[in-house]
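What follows draws every value from the coordinates through simple rules; no lab data is involved. Computed from a predicted model, the values in this text were never measured in an experiment. FYI the Cβ positions are ideal-geometry reconstructions off the backbone, even for glycines, and counts take in every protein chain you see.
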Amino acid sequence: MLTPAQLLNGYARGVFPMAESADDPRLFWFDPPMRGVLPVGGVHASRSLRRELRRGGWSAHIDGDFDMVVRACADRDLTWINAPLARLYHRLHLAGHAHALEVRHDGQFAGGIFGVTLGAAFFGESMVSARSNGSKLALLWTSNQLARCGFTLFDTQFLTPHLARMGGHEIPRHVYRQQLERALRREADFRAVPPLTAAQLWQEITQTS
């Protein structure tokens, strides 16, 4: 059985675990030749997403219910998050090495993202939408939070069309490991400051776009 220490050691070496399915208890290490990353503090927000944020009712919360966000991310027909991996994330969360950012609209869960932190690296594991724009705003808020808290690497593991539209790109394995090595030499705390309000986030991304 993989331990939290072994899991963190894997992340530090540039590899990450996944299961074949929720019903398969086995975990497999992955080390793709091209790695997906997002710009820290530079996730792209479309005009429509900025309009949605300005309409109001949105808020972001850190570690309000970490396990709920993990369960929501795993609640789909095909998932790589099995029970052993969910337990590992839970233990990493208790140790301060895993966090979730939850987005709410009018107080109701709208989406979220969770990931593992080590040094100044954030390893984004999964995200979920419970309503339109939920995961997009979670990514936007997370990127902003990482920048404000001193992170330098936002790892997405693989690049999807959704992530590419928001500024994600791929880098070769050796470049990723160079960025990872630099990030691991720094210290950052995902909870160092509270997330911005929706109005503050809208103002910031409008000024920099």
If you go through 160, 142, the only one that is in contact (Cβ under 8 Å) with a residue 40 or more places away in the chain, within 18 Å of residue 115 (Cα to Cα) and either in contact with a Ser or Thr (Cβ under 8 Å, 6 or more places away or on another chain) or surrounded by 22 or more Cβ atoms within 10 Å (Cβ to Cβ) (or both) is 142
Could you grab me the full set of residues in the range 105-146 that are assigned to a strand (DSSP E or B), out of contact with any His (no Cβ under 8 Å at 6 or more places or on another chain) and of a type in the set (A, V, I, L, M, F, W, C)? 109, 110, 113, 121, 122, 123, 127, 128
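Confirm whether residue 179 is in a helix (DSSP H, G or I) and in contact with a Pro (Cβ under 6 Å, 6 or more places away or on another chain).
The answer is no for residue 179.
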So which residues in the range 10-45 are farther than 26 Å from residue 89 by Cβ and either without any contact (Cβ under 8 Å) to a residue 12 or more places away in the chain or among the aliphatic types (A, V, I, L, M) (or both)? 45
So for the range 53-71 (the condition being over 30 Å from residue 198 (Cβ atoms), of a type in the set (A, V, I, L, M, F, W, C) and either over 15 Å from the mean Cα position of the chain (by Cα) or surrounded by 13 or more Cβ atoms within 10 Å (Cβ to Cβ) (or both)), does at least one residue qualify? no
Limited to the range 182-209, what total is found for residues that are outside any helix (DSSP H, G or I), touching a Gly at 6+ places or on another chain (Cβ under 9 Å) and surrounded by 13 or more Cβ atoms within 10 Å (Cβ to Cβ)? 5
Considering (1) under 19 Å from residue 121 (Cα atoms); (2) loosely packed, with under 15 Cβ neighbours inside 10 Å; (3) hydroxyl-bearing (Ser, Thr, Tyr), say which one residue 48 fails and leave the rest. (1)
